[in-house]
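S.K.: Before anything else, here's the structure in question.
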Amino acid sequence: MIKKETILHRYKELIQDRIDVFHDMITSLTEDAQNDAKGSAGDKHETALSMMHLEQEKLNYKLKELLDQKTILDNIDVTREHRVGALGSLVKVNDLWVFISSALPKIIVEDKTIFAVSPNAPLGSNIIGNRVGHSFEINGKKYSIDSII
């Protein structure tokens, strides 16, 4: 049986690794901008600083998204058993294993492919609040909740 604890742990590691990468990129960009400011002057310098600033804004936005995803994961209680689909549920839908959390890349745990979906996504919203046996359709494809962990 797939353990939600393992899935949550893997997703937390994935998010933390990405957060660390973005922190490093932002730090590097900040240092580059400071070093460039010491040794340059003129229009080319201003353009370079502007471009660095825009890049830094993009990185900060992506970092905020990752921190928001981390907050969602931190609020999941994997010890809780679910009778209906909810945040933190591991749900078998058709042949898919779906972890209701945040939209994250698929991972493989115990030879099973796990898809992390947001409760707001079409698949997630059709799972939330529903029980085993519930059927629904998305884009012409029929789905049925087979189990909820």
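FYI, it's all coordinate maths here, none of it is from the lab. All values reported here derive from a predicted model rather than from experimental measurement. No Cβ is skipped: glycine too gets one built from the backbone with ideal geometry, and neighbour counts run over all protein chains shown.
S.K.: For the residue pair K141 and M51, what label-to-label distance in nm results when each label sits 7 Å from Cα along the Cα-to-beta-carbon direction?
M.R.: 4.1 nm
S.K.: Follow-up question, since we're still on this one. Kindly express, to the nearest 10 degrees and within the range 0 to 90, the angle between helix 4-39's C-alpha long axis and the longest C-alpha principal axis of the chain.
M.R.: Tilt of helix 4-39: around 10 degrees.
S.K.: Would you please give the residues with an amide H less than 5 Å from that of H134, counting only those at least 5 places away or on a separate chain, with H modeled from the backbone geometry?
M.R.: I145
S.K.: Still on this model: Return a whole-number percent for the relative contact order of the chain, with Cα pairs under 8 Å and 6 or more residues apart as the contact set.
M.R.: 21 percent
S.K.: Here's another thing I want to ask about it. For the stretch 37-149, with the dipole built from +1 on Lys and Arg beta-carbon atoms and -1 on Asp and Glu ones, taken about the Cα centre, which of M52, V91, T79 lies farthest toward the positive end?
M.R.: Highest projection toward the positive end goes to V91.
S.K.: Let me ask something additional. In debye to the nearest 20, how big a dipole does the chain give about its Cα centre with +1 on each Lys and Arg Cβ and -1 on each Asp and Glu Cβ?
M.R.: 820 debye
S.K.: Oh, and also: Non-local amide H neighbours of W97 (under 5 Å, H modeled in plane, Pro and chain starts lacking H): which ones?
M.R.: F115
S.K.: I would also like to ask the following. Given an 8 Å cut-off on Cα distances and at least 6 residues of separation, report the relative contact order of the stretch 66-112 as a percent.
M.R.: Once divided by the residue count of the stretch 66-112, the mean separation gives 29 percent.
S.K.: Just to verify a number: FRET efficiency for E110 and V84, C-beta to C-beta distance, R0 = 25 Å, to 0.05?
M.R.: According to the calculation, E is roughly 0.55.
S.K.: Under a 10 Å cutoff between Cα atoms, tell me which one of S102, S118, S50 has the largest fluctuation in the Gaussian network model of the chain.
M.R.: Result: S50 has the largest fluctuation of those listed.
S.K.: Follow-up. Amide H to amide H, which residues 5 or more places from K112 or on other chains are under 5 Å from it, using H placed in the peptide plane?
M.R.: none
S.K.: Moving on to the next point. Determine which residues of the stretch 62-98 fall in the zone a paramagnetic label at E5 would reach in this model, i.e. backbone nitrogen under 11 Å from the point 7 Å along Cα→Cβ.
M.R.: 78-79
S.K.: Please report the Cα spread of the chain along all three principal axes, rounded to whole Å, starting with the longest.
M.R.: 68, 32, 25
S.K.: Another question about this same structure. Using alpha carbons only, how many degrees (0 to 90, rounded to 10) separate the axis of helix 43-74 from the longest principal axis of the chain?
M.R.: For helix 43-74, the angle is close to 20 degrees.
S.K.: What's the local net charge at E65, with K and R +1, D and E -1, over the other residues with C-beta under 14 Å away?
M.R.: Net charge around E65: +3.
S.K.: Sticking with this one: For the stretch 90-148, treating each Cα as an identical point scatterer without solvent, what Debye log10 I(q)/I(0) comes out at q = 0.16, 0.24, 0.25 1/Å?
M.R.: With one equal scatterer per Cα and no solvent, log10 I(q)/I(0) is -0.44, -0.99, -1.06.
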